[in-house]
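What follows is calculated from the coordinates using simple rules that are stated; it is not laboratory data. If you're wondering where the values come from, they're calculated on a predicted model, not measured in any experiment. Cβ sites come from the backbone with ideal geometry, for glycine too, and all protein chains shown count toward neighbours.
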Amino acid sequence: MKIYILMGHPLTESLNGFIADEYEHEAVLRGHEVRVQKLGQMQFDPVLREGYKSIQALEPDLIQAQENLKWCNHWVLIYPVWWGSVPALLKGFLDRTLHPGFAFQSRKKGIGWDKLLKGRTAEIIATSDAPSFWLRFAYLSSDFTTLRNATLRYCGFSPVRTRRIDRVKFKTEDLIRKDVDRILRRIPKA
């Protein structure tokens, strides 16, 4: 499998960075090809300046991201839940990278759209200080719902699996390690 890991926390030295590094290491051990990008190390304007009225010229890191998306058959997104959603930098990345003509295309006649990244799977790994039950019932898992349905499936990714490591600020390193190990065990062998 060709796996593209996008670490969506602005800080490389974070729990999300640790998860990305561990995922990459385990996937390589299991025989997969892996490419990794970490948002905090990328240089790009996260603001979609004119909406989709015109496609903003992509910076080299976003061009590389699009190449990684075309190359991969499995996309792993790792991020912290902030304000019930993804970090602003990750949202900006998605707005700029998954634009019309690359990730989807509205049909000129009739209704609907073409899913230009069809044939790929995705996995969302989110961390949160809040308990999972709170995110599920108070916010309807808004981060997963939006990213899975309105972004990834809209562009053709299917299936899209979700994993959450919750109550992070209340857990010991050993408990977090167990959570990460549970995620890593789900990586199939090549």
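The residues in the stretch 1-35 that are of a type in the set (V, I, T) and surrounded by fewer than 18 Cβ atoms within 10 Å (Cβ to Cβ) can be counted, and the count is 2.
Conditions tested, residue by residue: (1) not in a loop (DSSP other than H, G, I, E, B); (2) not polar (S, T, N, Q).
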| residue | (1), (2) |
| --- | --- |
| V47 | no, yes |
| Q56 | no, no |
| L94 | yes, yes |
| F102 | no, yes |
| A126 | yes, yes |
| D143 | yes, yes |
| A150 | yes, yes |
| Y154 | yes, yes |
| F157 | no, yes |
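If you filter the stretch 71-92 down to residues that are touching a residue at least 12 places away in the same chain (Cβ under 8 Å) and either aromatic (F, W, Y) or part of a helix (DSSP H, G or I) (or both), you find that the one that is nearest to S54 (Cα to Cα) is G92. Which number in (1) on the phi > 0 side of the Ramachandran plot; (2) part of a helix (DSSP H, G or I); (3) of a type outside the set (S, T, N, Q) marks the one condition that G110 misses? Every listed condition holds for G110 apart from (2).
Taken over the stretch 27-70, the criterion of being farther than 18 Å from A103 by Cβ and either of a type in the set (F, W, Y) or in contact with a Ser or Thr (Cβ under 8 Å, 6 or more places away or on another chain) (or both) is satisfied by K38, G40, Q41. Within the stretch 115-131, being exposed (fewer than 15 other Cβ atoms within 10 Å of the Cβ) and touching a Lys or Arg at 6+ places or on another chain (Cβ under 9 Å) holds for D129, P131.
When the stretch 150-166 is filtered for residues that are closer than 22 Å to G17 by Cβ and either touching a Gly at 6+ places or on another chain (Cβ under 9 Å) or surrounded by fewer than 19 Cβ atoms within 10 Å (Cβ to Cβ) (or both), the ones remaining, listed by number, are R161, T162, R163.
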